[in-house]
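A.B. asks: First the structure, which I've put down as structure tokens, then a few questions once you've had a look.
The values are calculated or read from the model by the stated rules, or taken from the named source; none is laboratory data. If you're wondering where the values come from, they're calculated on a predicted model, not measured in any experiment. FYI the Cβ positions are ideal-geometry reconstructions off the backbone, even for glycines, and counts take in every protein chain you see.
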Amino acid sequence: MLIENLPNVIYVADPNYLNELSNELGDVSHVFNDLVFSSTLKTDICFALDAWINPQILHFESISQAVRALRAAGKFWYLHPIENIRRSRLIESELRKLPDLNHAFPLTEEIPQIGCFSLLDKNTLVYCNTRWKKAPLGNYHFIEDKINPPNRAYLKLWEALSLWGTYPTKGELAVDLGASPGGWTYVCQMLGADVIAVDKAPLAEHIAKLPRVQFQQQSAFALDPNSFEKDIDWLLCDVACYPERTFDLVTQWIQSGKAKRMIFTLKLQGETNLKIIEKFQAIPKSRVIHMMSNKHEATFFYPAPSYLFL
């Protein structure tokens, strides 16, 4: 396969959001499976699970030639198989064994630098050792907690906090808007924070009984930010509503200055509207990311640390 112009970036797409990613970029030269080649490094891209920056392409004749190239370029390599799977696995088998990619939460060890590679055809290797996210393809492979959380929504917050690289801690206050049945409340409580859970629907009984959890039965949209005497360390929201309404809620809380950090889920509802994503992206210091654990959603971070940008 002949690639005339080496891409500056290869974005890894969720296959369900390939069109959204392509539309966001505009500048797309090739698409191979879920790999989108572009000359544009878009720092605030939403619908990319990962980005390979300054990738290399090698036209090789033998397995050993491909292995030598990867060994020379980096220590650890993660195979993202898209074509010629058996041949790809043969290359993989000759490389240094990866560290365990199954992670307990919260992360206690730094994820080492791991490059990614794929075969585009039998004799074309694409590889990159400089990527956006620490976890290959943005997938943290969390060891799930199948006992304590009342639903699987906790995985979204696990991923969001791991991306942020900072966690709620003892002595901090987290406010969980739209908390029921309590997945996000559980995460903050188990990390040591005090939690005020707000929802018209009740929490799961075992979550409501946890220490340091206070429940307020009311609408998240009726809550006055200025009713809090102290600043909120973590304002969290996984409310199911139209993103325009979430935008108004986000704006209200930012203007109040009461929340130090914010993580909101944007429920995209029906056909994806990139215009509403752009409204959130236009908020200074914010970041919107379609995470591995998001479904028809994206996650809003504010104020986003610099390493959340490409």
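A.B. asks: Kindly establish whether Tyr78 is assigned by TED's automatic domain parsing to the domain that holds Thr43, closer than 15 Å to Phe32 by Cβ, touching a Cys at 6+ places or on another chain (Cβ under 9 Å) and not in a loop (DSSP other than H, G, I, E, B).
C.D. replies: When the stated conditions are applied, Tyr78 does not pass them.
A.B. asks: What tally of residues in segment 199-220 results from selecting those that are touching a residue at least 40 places away in the same chain (Cβ under 8 Å) and in a helix (DSSP H, G or I)?
C.D. replies: Total satisfying the criteria: 3.
A.B. asks: Cβ-Cβ under 8 Å, sequence separation 6+ or interchain: first residue in segment 64-89 and farther than 13 Å from Ser118 by Cβ, partner part of a loop (DSSP other than H, G, I, E, B) and charged (D, E, K, R). Which pairs?
C.D. replies: Ser64/Glu94; Val67/Glu94; Arg71/Arg96; Lys75/Arg96; Phe76/Arg96
A.B. asks: Quick one: is Ile196 out of contact with any Asp or Glu (no Cβ under 8 Å at 6 or more places or on another chain), farther than 30 Å from Glu61 by Cβ and either part of a strand (DSSP E or B) or not charged (D, E, K, R) (or both)?
C.D. replies: It is false that Ile196 is out of contact with any Asp or Glu (no Cβ under 8 Å at 6 or more places or on another chain), farther than 30 Å from Glu61 by Cβ and either part of a strand (DSSP E or B) or not charged (D, E, K, R) (or both).
A.B. asks: Okay, moving on. Check Ala304 against each of (1) of a type in the set (Gly, Ala, Ser); (2) surrounded by 14 or more Cβ atoms within 10 Å (Cβ to Cβ); (3) closer than 20 Å to Arg152 by Cα and name the one condition it does not meet.
C.D. replies: Against the list (1) of a type in the set (Gly, Ala, Ser); (2) surrounded by 14 or more Cβ atoms within 10 Å (Cβ to Cβ); (3) closer than 20 Å to Arg152 by Cα, Ala304 comes up short only on (3).
A.B. asks: Name the single residue that is nearest to Phe264 (Cα to Cα) among those in segment 184-240 being surrounded by fewer than 17 Cβ atoms within 10 Å (Cβ to Cβ) and of a type in the set (Phe, Trp, Tyr).
C.D. replies: Taking the candidates together, the pick is Phe221.
A.B. asks: Of all strands (runs of 3 or more DSSP E) completely enclosed by segment 226-310, which ones contain at least 1 residues that are acidic (Asp, Glu)?
C.D. replies: Answer list for segment 226-310: 297-302.
A.B. asks: Taking segment 223-241 as the search range and keeping residues that are touching a helix residue (DSSP H, G or I) at 6+ places or on another chain (Cβ under 9 Å) and not hydrophobic (A, V, I, L, M, F, W, C), which one is nearest to Lys279 (Cα to Cα)?
C.D. replies: Asp238
A.B. asks: Is it the case that Leu107 is among the aliphatic types (A, V, I, L, M), within 18 Å of the chain's Cα centre (by Cα) and either part of a helix (DSSP H, G or I) or over 24 Å from Asn5 (Cα atoms) (or both)?
C.D. replies: Yes: the conditions hold for Leu107.
A.B. asks: Something else about it: Between a first residue in segment 289-310 that is more than 16 Å from Lys133 (Cα to Cα) and a second residue that is polar (S, T, N, Q) and assigned to a strand (DSSP E or B), which pairs have beta carbons less than 6 Å apart while being 6 or more apart in sequence or on different chains?
C.D. replies: Glu297/Thr265
A.B. asks: Another question about this same structure. Quick check on my filter: what residues within segment 153-190 are assigned to a loop (DSSP other than H, G, I, E, B), of a type in the set (A, V, I, L, M) and under 25 Å from Pro136 (Cα atoms)?
C.D. replies: Ala153
A.B. asks: Also: Checking the condition of a type in the set (Phe, Trp, Tyr), under 30 Å from Thr169 (Cα atoms) and surrounded by 13 or more Cβ atoms within 10 Å (Cβ to Cβ), which residue from Phe105, Phe32, Phe76, Phe60 passes?
C.D. replies: One residue alone meets the criteria, Phe105.
Table: residues versus (1) closer than 30 Å to Asp194 by Cβ; (2) of a type in the set (A, V, I, L, M); (3) buried (at least 20 other Cβ atoms within 10 Å of the Cβ); (4) not assigned by TED's automatic domain parsing to the domain that holds Phe76.
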site	(1), (2), (3), (4)
Lys133	no, no, yes, no
Lys146	yes, no, no, yes
Pro149	yes, no, yes, yes
Leu163	yes, yes, yes, yes
Thr166	yes, no, no, yes
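A.B. asks: Another one. Look through Ser88, Ser64 and report the one residue that is in the same structural domain as Cys128 (by TED's automatic domain parsing), touching an Asp or Glu at 6+ places or on another chain (Cβ under 9 Å) and outside any loop (DSSP other than H, G, I, E, B).
C.D. replies: Within the list Ser88, Ser64, the selection yields Ser64.
A.B. asks: Pick out the one residue from Leu191, Leu223, Leu236 that is in contact (Cβ under 8 Å) with a residue 60 or more places away in the chain and either in contact with an Asp or Glu (Cβ under 8 Å, 6 or more places away or on another chain) or farther than 22 Å from Thr166 by Cβ (or both).
C.D. replies: Leu236
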